[in-house]
Amino acid sequence: MATKVIAVANQKGGVGKTTTAVNLAACVAAQGRRVLLLDLDPQANATSGVGLEKEPGGSAYGPLLGQGSLTEKIKRTPFERLDAIPSEMDLCGADVELIRAEQHLHRLALALEPIQAANHYQVVLIDCPPSLAVLTLNAFAAADGLVVPLQCEYYALEGISSLTRIINQLRDTGVNPRLHLFGVVMTMFDARTNLSKQVEGEVRQHFGSIVFDTVIPRTTRLAEAPSFGKPIIHYDKYSAGAAAYEVLAQEFCERLGI
């Protein structure tokens with residue numbers, strides 16, 4: 001089965017996007033699949049979240065501009081079956097430079113082709129920047145589907161309307177006809193508040209079966225794990241956050257058929 005590419009995206013910051021990318025990647029790998037985590041966010045939080053360093057020249061920046069191959073940027077993480085392509089500050093400049101490049105929306109798709117052709121990984125997960133600029137659009141043009149983390153807060157549904165509009169535009173214009181909303185994951189759920197339950201209910205009503213059954217709780221252990229450079233299942237395997245991401249990973253793999 002060909003390598004699937006899934007982008008984890010939400011242009012609104014602070015919704016658990018990187019937490020979801022890192023922990024979903026780690027849990028899918030822990031369940032026996034080979035995973036590549038591609039950190040496309042210049043903040044490089046996914047990079048440090050899997051215990052890797054930001055190194056000048058170590059990101060996708062060069063390959064996006066036609067300099068070198070993306071395969072050369074792959075690094076082993078300390079966790080079995082999980083590899084990563086780190087990010088770094090240079091990626092900040094990519095949004096400006098890519099606009100001037102030929103096929104500027106397809107640079108990542110082209111760079112990923114050899115990795116997909118090698119078929120070593122069952123899934124490539126892309127942690128997108130918290131914006132809808134050119135880097136994110138490159139991820140969308142390369143992806144088979146999007147996973148959108150939505151925080152259980154009042155404005156949750158507002159941002160996703162612009163995302164769905166862009167998905168439709170990229171499909172309709174032929175940039176990426178196979179792109180679809182693969183799944184919505186509710187994050188930072190607080191069972192003690194009516195608001196969390198209300199927002200979850202609204203999102204499920206709006207998106208139906210696209211919303212994952214699994215809900216990610218707001219927990220201290222999940223917030224602590226990145227500072228130790230570990231995904232939650234390797235930081236505190238028996239925590240509520242680890243349990244939630246393990247179940248989410250099972251759901252994710254079932255949907256992908258891997």
Inset, instruction - Working only within segment 31-76, note down all residues that are basic (Lys, Arg) and modelled with pLDDT of 95 or more. - result: Arg33, Arg34, Lys73, Lys75, Arg76
Inset, instruction - Could you give me the residue pairs with C-beta distances under 6 Å whose first residue belongs to segment 9-30 and is under 15 Å from Gly51 (Cα atoms), whose second residue is of a type in the set (S, T, N, Q) and in a helix (DSSP H, G or I) wherever it lies, and which are 6+ apart or on separate chains? - result: Thr18/Asn45
Legend entry - Yes/no for Ile115 being closer than 30 Å to Ala244 by Cα and part of a helix (DSSP H, G or I): yes
Legend entry - Residues being part of a loop (DSSP other than H, G, I, E, B) and crowded, with 24+ Cβ neighbours inside 10 Å - total across segment 16-40: 1
Inset, instruction - Answer yes or no: is there a residue in segment 230-253 that is within 16 Å of Gly32 (Cα to Cα) and acidic (Asp, Glu). - result: yes
Inset, instruction - State yes or no: is Thr18 under 26 Å from His106 (Cβ atoms) and of a type in the set (S, T, N, Q)? - result: yes
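Here is a yes/no grid of residues against (1) assigned to a loop (DSSP other than H, G, I, E, B); (2) touching a strand residue (DSSP E or B) at 6+ places or on another chain (Cβ under 8 Å):
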site	(1), (2)
Gly58	yes, yes
Pro63	no, no
Ser69	yes, no
Asp90	no, no
Ala94	no, no
Leu98	no, no
Inset, instruction - Hey, can you tell me all the residues within segment 42-63 that are crowded, with 24+ Cβ neighbours inside 10 Å and in contact with a helix residue (DSSP H, G or I) (Cβ under 8 Å, 6 or more places away or on another chain)? - result: Ala46, Gly49, Val50, Ser59, Ala60, Tyr61
Legend entry - Criterion: farther than 20 Å from Ala118 by Cβ and either in contact with an Asp or Glu (Cβ under 9 Å, 6 or more places away or on another chain) or among the small types (Gly, Ala, Ser) (or both) - qualifying residue of Ala60, Ala46: Ala46
Legend entry - Odd one out for Asp144 among (1) surrounded by fewer than 23 Cβ atoms within 10 Å (Cβ to Cβ); (2) over 14 Å from the mean Cα position of the chain (by Cα): (2)
Legend entry - Whichever residue in segment 147-178 is of a type in the set (D, E, K, R) and part of a helix (DSSP H, G or I) and, among such residues, is surrounded by the most Cβ atoms within 10 Å (Cβ to Cβ): Arg171
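The values are calculated or read from the model by the stated rules, or taken from the named source; none is laboratory data. This is a predicted model, so every value here is computed, not measured. No Cβ is skipped: glycine too gets one built from the backbone with ideal geometry, and neighbour counts run over all protein chains shown.
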